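A short worksheet on the structure shown next.
The values are calculated or read from the model by the stated rules, or taken from the named source; none is laboratory data. None of the values given here were measured: they were computed from a predicted structure. Quick reminder, even Gly has a Cβ in these numbers, built from the backbone with ideal geometry, and neighbours come from all protein chains shown. Areas reflect the complete protein model, heavy atoms only, side chains present, ligands, DNA and RNA absent. Shrake-Rupley method; radii C 1.70, N 1.55, O 1.52, S 1.80 Å.
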Amino acid sequence: MNAPASLTGVAVLVTGGAGFVGSHLVRRLLAEGARVTVLAQPGAPVAALGPMLERVRLVTADLTDRAALTEALRESSDAVVFHLAAWTGGRSRADDPSAWTQSLRVNTEGTLHLLYALAPRAASITRIVRTGGMEEYGDGPVPYREDQRERAVSPYSASQVAATQVAHPLAKRLGLPLVTVRPSLIYGPGQDAGFFLPALIQSCLAGRDFDMTMGTQTCDMVHVDDVVDALCRAATAAGVTDQ
């Protein structure tokens with residue numbers, strides 16, 4: 001099926017829809033008139049959705065449990081899927097063996113489980129938009145280019161590179177129209193204080209010193225609203241998948 005020209009009236013599934021970027025995406029989808037289902041980890045906080053919870057269908061399932069995930073999505077009729085769910089704890093734990101295992105289980109295997117769960121409805125799915133991240137290019141030459149080789153630097157980025165490499169050939173084999181986007185450093189309202197800009201702002205407001213590097217890195221920061229706009233365009237643009 002061809003991608004829709006807009007998301008108005010379209011049934012949309014968002015994994016990780018209660019997260020930072022996910023909640024902003026859900027807000028945009030609802031504003032555009034999409035019919036939204038949010039897939040969340042069992043027990044995960046959904047407070048970021050606030051009043052939007054009354055306007056979405058909430059489904060809980062663990063990406064690492066293929067049988068449970070398949071069952072949870074059995075009755076879904078979503079034409080567009082945004083796959084944002086990921087375990088990001090491995091960003092700063094490269095020396096922790098458990099971080100490598102968890103990253104691969106959730107981010108790589110979890111992505112494959114989602115594709116298999118969607119496969120029975122492949123004919124009715126017009127687009128799957130999956131998010132990776134800029135960190136996948138790691139310590140490679142800057143500015144990054146999409147055609148340069150990835151150089152993962154953490155369990156998180158390695159698992160996302162692996163997910164890309166296995167998800168695209170699998171999606172093609174299953175007849176699923178998949179596109180992967182890799183946003184740069186995202187910032188905006190509602191972001192966790194553990195990230196750079198919120199932490200900097202809170203330190204300034206509290207009059208605390210803020211530890212920083214010498215600032216020699218090349219860095220590209222993008223507002224969450226622009227990321228959401230890019231995701232929506234990736235869901236509706238023609239000719240951007242392997243199918």
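Condition first: open to solvent by less than 50 Å² (accessible area, probe 1.4 Å), farther than 24 Å from ASP95 by Cβ and in contact with a helix residue (DSSP H, G or I) (Cβ under 9 Å, 6 or more places away or on another chain). Can you find one or more residues in region 134-147 that meet it? No, region 134-147 contains no residue that is open to solvent by less than 50 Å² (accessible area, probe 1.4 Å), farther than 24 Å from ASP95 by Cβ and in contact with a helix residue (DSSP H, G or I) (Cβ under 9 Å, 6 or more places away or on another chain). Looking at ARG149, ARG145, ARG121, just one residue is among the basic types (Lys, Arg) and in a helix (DSSP H, G or I), and that residue is ARG121. A count restricted to region 101-125 and to residues that are more than 21 Å from SER77 (Cβ to Cβ) and either open to solvent by 20 Å² or more (accessible area, probe 1.4 Å) or without any contact (Cβ under 8 Å) to a residue 24 or more places away in the chain (or both) stands at 7.
Yes/no per residue for (1) more than 28 Å from ARG151 (Cα to Cα); (2) open to solvent by 30 Å² or more (accessible area, probe 1.4 Å); (3) part of a helix (DSSP H, G or I):
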| site | (1), (2), (3) |
| --- | --- |
| ARG27 | yes, yes, yes |
| GLY43 | yes, yes, no |
| LEU63 | no, no, no |
| ALA68 | yes, yes, yes |
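Looking across region 75-88 at every residue that is at pLDDT below 95 and small (Gly, Ala, Ser), the one that is surrounded by the most Cβ atoms within 10 Å (Cβ to Cβ) is identified as SER76.
Just to be sure before I move on: is ARG91 among the basic types (Lys, Arg), modelled with pLDDT under 95 and not in a helix (DSSP H, G or I) in the structure I sent? So ARG91 does not fit the description; no.
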